[in-house]
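Take a look at the structure set out below.
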Amino acid sequence: VLTAFIGKGEALSEAEMERLVIETDSWDVCDQLCGELFAKHPLRFAKAAEWAERDEEFVRRSGFSLMARLAIRDKKAADEAFIALLPLIEKHATDERNMVKKAVNWALRQIGKRNLRLHPRAIETSERILAMKDKTARWIAGDALRELRKPEIIARIKASSAKKTKQV
């Protein structure tokens, strides 16, 4: 965890990132590394996609945790970068490992709450996931849809989008 707070994410080599992600064995360390270190690296979106495809539990969690953190914090990232991640969320929505399924759900919800353009994309992805004949997928989608359809969430997204429009 200390590495996450004192390290320079933008200065990490790919080998260092790989070593850290492979050595991770708890959700809290995983999420701190993703949010405080990996999210600052130039390859952050590529690593999120790469790690989401890997089989190791905490490596895959890192991919989805990084997606969630980027949706929250990377204010300059283009919507297309997040749209490109939605198929990975859909693909891995059947991973029943608790640490993975919670991160998949988190990524889906955070992408959907990012703005008015991504919100309907996340809803559509959730609806496709909900239609899967898989218990884990239905949990991920059901939970995401409950949050993304809340009137207060929609109001916050609209208010945030209106504020950004006025700033431009």
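Summed over the residues of the chain and divided among them, the accessible surface reaches 51 Å² per residue at a probe radius of 1.4 Å. Net charge dipole, the chain: roughly 1140 debye, given to the nearest 20, about the Cα centre with Cβ charges of +1 for Lys and Arg and -1 for Asp and Glu.
The mean sequence separation of alpha-carbon pairs under 8 Å and at least six residues apart, normalised by the residue count of the chain, gives a relative contact order of 17 percent.
Tell me, what % of the accessible area of the chain is carbon and sulfur with a 1.4 angstrom probe? Please list the in-between numbers first.
Working: 4730 of 8580 Å².
Carbon and sulfur: 55 percent of the exposed surface of the chain.
Give the shape of the chain as rounded, prolate or oblate, defined through the alpha-carbon gyration tensor: a ≥ b ≥ c are the square roots of its eigenvalues, a/c under 1.5 means rounded, and otherwise the shape is prolate if a/b is larger than b/c and oblate if not. Oblate, since a/c reaches 1.5 and b/c is not below a/b.
Counted residue by residue at 0.36 nm each, then reduced by the alpha carbon distance between them, the extension gain from Asp28 to Arg73 reaches 14.4 nm. Straight-line reach from Lys101: taking Cα to Cα under 18 Å and skipping same-chain neighbours fewer than 8 places apart, the lysines in range are Lys91, Lys133, Lys135. Applying the Karplus relation 6.51 cos²θ - 1.76 cosθ + 1.60 with θ = phi - 60° to region 28-42 yields 3J(HN,Hα) values of 5, 5, 4, 5, 5, 4, 5, x, 9, 10, 5, 5, 9, 7, x Hz, where x marks Gly and Pro.
What whole-number volume per residue, in cubic angstrom, does the convex hull of the C-alpha atoms of region 70-168 give? Display every interim value, and only then the final one.
Details: hull volume 8.3 nm³, N = 99.
Convex hull volume per residue, Cα atoms: 84 Å³.
Students often check this: by mean Cβ neighbours within 10 Å, which of 94-107, 55-68 ranks highest, and how do the rest follow?
Details: 94-107: 21.2, 55-68: 24.1.
Sorting 94-107, 55-68 by mean packing, highest first, produces 55-68, 94-107.
Modelled spin labels at Glu127 and Lys91, positioned 7 Å past Cα toward Cβ, are 2.4 nm from each other.
For the chain, a Gaussian network of Cα nodes joined below 10 Å ranks Ala77, Ala122, Ala141 by mean-square fluctuation, and the top entry is Ala77. Ordering 158-164, 131-137 by mean Cβ neighbour count within 10 Å, with the highest value first, yields 131-137, 158-164.
The values are calculated or read from the model by the stated rules, or taken from the named source; none is laboratory data. Keep in mind that what you see is a predicted model, and the values were worked out from it rather than measured. Neighbour counts are summed over all protein chains in view; Cβ atoms, including those assigned to glycine, are modelled from backbone coordinates with ideal geometry. These area figures cover heavy atoms from the full protein model, side chains too; ligands, DNA and RNA do not enter into them. Shrake-Rupley method; radii C 1.70, N 1.55, O 1.52, S 1.80 Å.
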